[in-house]
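Here the structure comes first, spelled out in structure tokens, and everything after it is commentary.
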């Protein structure tokens, strides 16, 4: 095959194997080449989204997440109760009119702050953010206040739902995040 | 005049000649043939100018990174034999490696320190290339490959950091993955976010919204399988391109 002939080969796939007229076998070859790419595309269409879905974490079902946090009078002694910190990651705080629950999750990068009774502050060990009793960011990289967790009173019992938490702003505008005692 | 030594006899066997197509090179041309016909050596140039192997040219930083990668590969595979990536076992397995397993402490520390050193070596390598202007054409593509390798090195370091499952690991990864939640497009707190908290970059990394058992196994798979498979591929391209782009001293 000379140079001028190879230039006429539009697909560039012919390495001199075909001696006869080129148009028919090339069209056939190009067809199968395209078919191959269609196969690859179909494979991608079916496998890429399902692989991504596979990597997505499973979502928790609509199970009951609210727990019984004990009697109202259990929270009368201390300002901040740390009894649920390990199991549910929240504090129950007593203020002048009642109770509210703070999520123990630093709004900066998600570490768990510590309650410091001497200074009545929550301090994050990771980057030193400091929060007031109301969960307002006083210092450090955190700018937003700690989240409020849904809390309600049923007779003499306190019920808390750790899966239901909102910003301080939303907690103040909606009900369900403060219990009067 | 055939040599009668056992070594020479071995080199004439059919087995040997089937593996090694070229004999002991006798001249420059045969030396080139040896390099070109070997899958590992062909990544290298067939001829290296003496000036380009002067220490001051590269400070051997790329080579040091490669050496550390090899050390990490060997020690990492050995550590995998004793390490089980579940919250109940991970921490105690590391304690056991440190205290009970013969040479476990040595292996673990080799792995840990080599990992830290590799991050430093790779960053120093990048700085050297930058200050030498070696990212300029025709090597701009190799610079890009290098950036991917740097990111993968950092990602290896980050994913490996969680595996001891101690307090430092736990909170470092909490902080690091929360940063991923602020990534543009793919983080639910980031600018132009297109995903919610249950399906963003952090959730895919952690397998949930907190660092737990799902996060540990995902980091383990990334650290021990995914990244170590991708990286040698990019490394091969990286080394090959050094040769193809004209070597250390090339000026265009």
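The number of residues in segment B:184-199 that are buried (at least 17 other Cβ atoms within 10 Å of the Cβ) and away from every other protein chain (no Cβ under 12 Å) comes to 4. Within segment B:233-251, is there a residue that is within 14 Å of chain A (Cβ to nearest Cβ), touching a helix residue (DSSP H, G or I) at 6+ places or on another chain (Cβ under 8 Å), modelled with pLDDT of 95 or more and under 22 Å from residue B:119 (Cβ atoms)? The answer is no; no qualifying residue exists. With the checklist (1) within 14 Å of chain B (Cβ to nearest Cβ); (2) surrounded by 11 or more Cβ atoms within 10 Å (Cβ to Cβ) in hand, flag the one item residue A:53 doesn't pass. Failing condition for residue A:53: (2).
Across segment B:162-175, which residue is nearest to the other protein chains (Cβ to nearest Cβ) among those that are over 15 Å from residue B:208 (Cβ atoms) and in contact with a helix residue (DSSP H, G or I) (Cβ under 7 Å, 6 or more places away or on another chain)? Ranking the candidates gives B:172 first. Per this entry, residue B:141 is not counted among residues that are surrounded by fewer than 16 Cβ atoms within 10 Å (Cβ to Cβ) and under 26 Å from residue B:76 (Cβ atoms).
For residue B:45, the criteria (1) within 23 Å of the chain's Cα centre (by Cα); (2) assigned to a helix (DSSP H, G or I); (3) in contact (Cβ under 8 Å) with a residue 60 or more places away in the chain hold in every case but one, which is (2). Evaluate segment A:102-112: report whether one residue or more is at pLDDT 90 or above and exposed (fewer than 15 other Cβ atoms within 10 Å of the Cβ). Taking every residue of segment A:102-112 in turn, none turns out to be at pLDDT 90 or above and exposed (fewer than 15 other Cβ atoms within 10 Å of the Cβ).
Here residue B:202 fits the description: within 11 Å of chain A (Cβ to nearest Cβ), buried (at least 17 other Cβ atoms within 10 Å of the Cβ), over 30 Å from residue B:62 (Cα atoms) and free of Cβ contacts under 8 Å to residues at least 60 places away in the same chain.
Among the residues of segment A:112-137, the ones that are within 14 Å of another protein chain (Cβ to nearest Cβ), touching a helix residue (DSSP H, G or I) at 6+ places or on another chain (Cβ under 9 Å) and under 17 Å from residue A:149 (Cα atoms) come to 1 in all. Mind listing whichever residues of segment A:69-88 are crowded, with 16+ Cβ neighbours inside 10 Å and within 14 Å of chain B (Cβ to nearest Cβ)? Of everything in segment A:69-88, just one residue is crowded, with 16+ Cβ neighbours inside 10 Å and within 14 Å of chain B (Cβ to nearest Cβ), namely A:88. Spot the failing condition for residue B:82; the list is (1) free of Cβ contacts under 8 Å to residues at least 24 places away in the same chain; (2) buried (at least 20 other Cβ atoms within 10 Å of the Cβ); (3) in contact with a helix residue (DSSP H, G or I) (Cβ under 6 Å, 6 or more places away or on another chain), and only one is missed. Going through (1) free of Cβ contacts under 8 Å to residues at least 24 places away in the same chain; (2) buried (at least 20 other Cβ atoms within 10 Å of the Cβ); (3) in contact with a helix residue (DSSP H, G or I) (Cβ under 6 Å, 6 or more places away or on another chain) one by one, residue B:82 breaks only (2).
Could you list, in sequence order, the residues of segment B:212-227 that are more than 9 Å from every other protein chain (Cβ to nearest Cβ) and either in contact with a helix residue (DSSP H, G or I) (Cβ under 7 Å, 6 or more places away or on another chain) or free of Cβ contacts under 8 Å to residues at least 24 places away in the same chain (or both)? Those that are more than 9 Å from every other protein chain (Cβ to nearest Cβ) and either in contact with a helix residue (DSSP H, G or I) (Cβ under 7 Å, 6 or more places away or on another chain) or free of Cβ contacts under 8 Å to residues at least 24 places away in the same chain (or both): B:215, B:216, B:219, B:221, B:222, B:223, B:224, B:225, B:226, B:227.
Given the residues A:121, A:139, which is the only one that is over 25 Å from the mean Cα position of the chain (by Cα), surrounded by 16 or more Cβ atoms within 10 Å (Cβ to Cβ) and free of Cβ contacts under 8 Å to residues at least 60 places away in the same chain? That would be A:121, the only listed residue that is over 25 Å from the mean Cα position of the chain (by Cα), surrounded by 16 or more Cβ atoms within 10 Å (Cβ to Cβ) and free of Cβ contacts under 8 Å to residues at least 60 places away in the same chain.
The values are calculated or read from the model by the stated rules, or taken from the named source; none is laboratory data. This one's a predicted model, so the numbers in the text were calculated from it and none came from an experiment. We place every Cβ from the backbone using ideal geometry, glycine too, and count neighbours over all the protein chains shown.
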